1. Highest mean first, what order results for 47-53, 30-36 on Cβ atoms within 10 Å?
2. Treating cross-link reach as a plain straight distance, find the lysines whose alpha-carbon is under 22 Å from the alpha-carbon of Lys70, omitting any fewer than eight places away in the same chain.
3. Where the accessible area of region 61-126 is counted over protein heavy atoms with a 1.4 Å probe, how much of it, in %, is carbon and sulfur?
Amino acid sequence: KDVERMNRLISDISNYTLTQVEIDEELFSKFDLIELINELIQSFSNNKKEIKINFEYVKSPIFVQANRDKLAQVFINLIENSFSFAPIKSNLFIHQLIEDNNIIIYIVDQGKKISMKVREKIFERFYTDRSHDFEHHSGLGLSISKKIMETFDGSLEMSDNKFDNYDGACFQLKLPLKA
């Protein structure tokens, strides 16, 4: 198990470094974020835990300027993290709103709540507070995701959870709208 964990960690570190280089070199394009999110939701529709993703959006289409694949990586990481903590047959909620010429996306689950004491710490490289399934997670995913969002002049942060029936972790992504 230790050898497998070390191999996975080395692979994750390599991917982290490669992602940073790719971010600097990637070309951005204008695309519909709602379309991307719907595609990702579809790819997660048949999951082992039978978790249902509910997506509520105010407006479609919503255009952003970013690297589509890297932004998809952020959403995949957040959804996979939520799935790993959420109970079987629970729900994941994705909520979109527009505020001050930015699109804001909340991703909130019905799993384990993250203490607000570690609000910034969870984005540090190699940080994890997982007591289970630790060998499958290196603690790099949220750090990579935050870096990707900042490259798009956006942000990723843990947010206070203000959604009824969703007591788990709540993440807020913010991106500038593209006219």
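The values are calculated or read from the model by the stated rules, or taken from the named source; none is laboratory data. A quick note: this is a predicted structure, and the numbers were derived from the prediction, not measured. For neighbour counting, all protein chains shown are included, and Cβ atoms are generated from backbone atoms with ideal geometry for every residue, glycine included. Accessible surface is based on the protein model in full, side chains and every heavy atom, while ligands, DNA and RNA are left aside. Shrake-Rupley method; radii C 1.70, N 1.55, O 1.52, S 1.80 Å.
1. 30-36, 47-53
2. Lys30, Lys146, Lys147, Lys174, Lys178
3. 50 percent
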